[in-house]
Amino acid sequence: MSSPLLRGPRWADVRIHRAALRTGLGLVVLAALLTGYFRWAAATYPATSDGCGTSTGPCENTFLGFASARDLLYQFLQSYSLGMLLIPVLIGAFVAGPVIAREMESGTHKLAWTQSVSPARWLMSKLTVFAVTSVAGGLALMAVFWLGRSGVESMWNLSWADRGVYESIGPVFVAYCLFAVMVGTLVGLLVRRTLVALAVSGLVTGVVLLIMGSVRWHLFPVTMVSGPASGTSTSYTMHETPMDSIIVDMGVHNAAGDTKVTGWYADIHPHSHFWYVQFIETGIVLALTAAAAYAAFRVLRRRTA
């Protein structure tokens, strides 16, 4: 017996794409099982401190080919965080191709429109189903990553500002999932060719992720720190830069007409800026999402006018 929320066209969408939805669920379950196992292994089999791998030769007591279970956990989390960047791309490609463009290409959407389902309701049904499932899956994957990363945040390439990690631990990831659904819908309605729509939507979503990743640290004012030079006359050492911060720009001060370094400065984002940048970027992505959704309904209205 179906849920009241999954009646009519929504239930039909779930039935049609149940294989893909089950695959997504399986991905979340697999990620949770692997993360849980690697966390358990890292706690159960701690790294040895006998100096192997240096002057004594390679380590003999390895864990599945890695120096230790903790090293395996670290490598897994690093790959996991980068893989999270692909999730919105895959969502956008799937919605554009198999969900929207395939129906437009085959003409099956006309059958739904003749069964007391208006074009707007047909589209709203698809947006609801895949927006909800995408957000739910994204939140689940984020929770798994939070669990795996807990206690190892300071490890290299797992800092809060690293690509993949930044997206996976804040609301901006949910915004990108919603953006992918709306862009996929718009592209599918415009292109109406399954493979072409799939490729175009994935490309557009990936480009937006790349652009936002390049400009996000310019969305919020930096904090400038500076200090006197310490070192040789032509070099310096920064002693007052806060730990766990990201450096956006840096340089030195020189005496007039002299090459001697007299001081240094750095423009940084401390960890306290994380949520400010997250919310600003999330707002931008949600605005793009709303624009794509509005454009999708406008295109549908023109197609059916």
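The values are calculated or read from the model by the stated rules, or taken from the named source; none is laboratory data. The model shown is predicted, which means the values in this text are computed figures rather than measured ones. Neighbour counts are summed over all protein chains in view; Cβ atoms, including those assigned to glycine, are modelled from backbone coordinates with ideal geometry. Note: areas computed on protein heavy atoms with side chains; ligands, DNA, RNA excluded. Shrake-Rupley method; radii C 1.70, N 1.55, O 1.52, S 1.80 Å.
A 1.4 Å probe run over the protein chains yields, for the range 263-305, 52 Å² of accessible area per residue, whole-number rounding. Placing +1 on the Cβ of every Lys and Arg and -1 on the Cβ of every Asp and Glu, with no other charges, gives the range 99-215 a dipole of roughly 420 debye about its Cα centre.
Fully extending the segment from L210 to T262, taken as 0.36 nm per residue of separation minus the present Cα-Cα distance, adds 14.9 nm. In this rough spin-label picture, where each label sits 7 Å from Cα along the Cβ direction, the S272-V248 distance is 1.6 nm. The label-point distance for T223 and N157, in a model that sets each label 7 Å from Cα toward Cβ, rounds to 2.8 nm.
The gain in end-to-end length when the L33 to A19 segment is fully stretched comes to 3.0 nm, 0.36 nm per residue minus the alpha carbon separation. Packing here is the average count of other Cβ atoms within 10 Å per residue, and on that basis the peptides 268-280, 80-92, 170-182, 242-254, highest first, run 170-182, 80-92, 268-280, 242-254.
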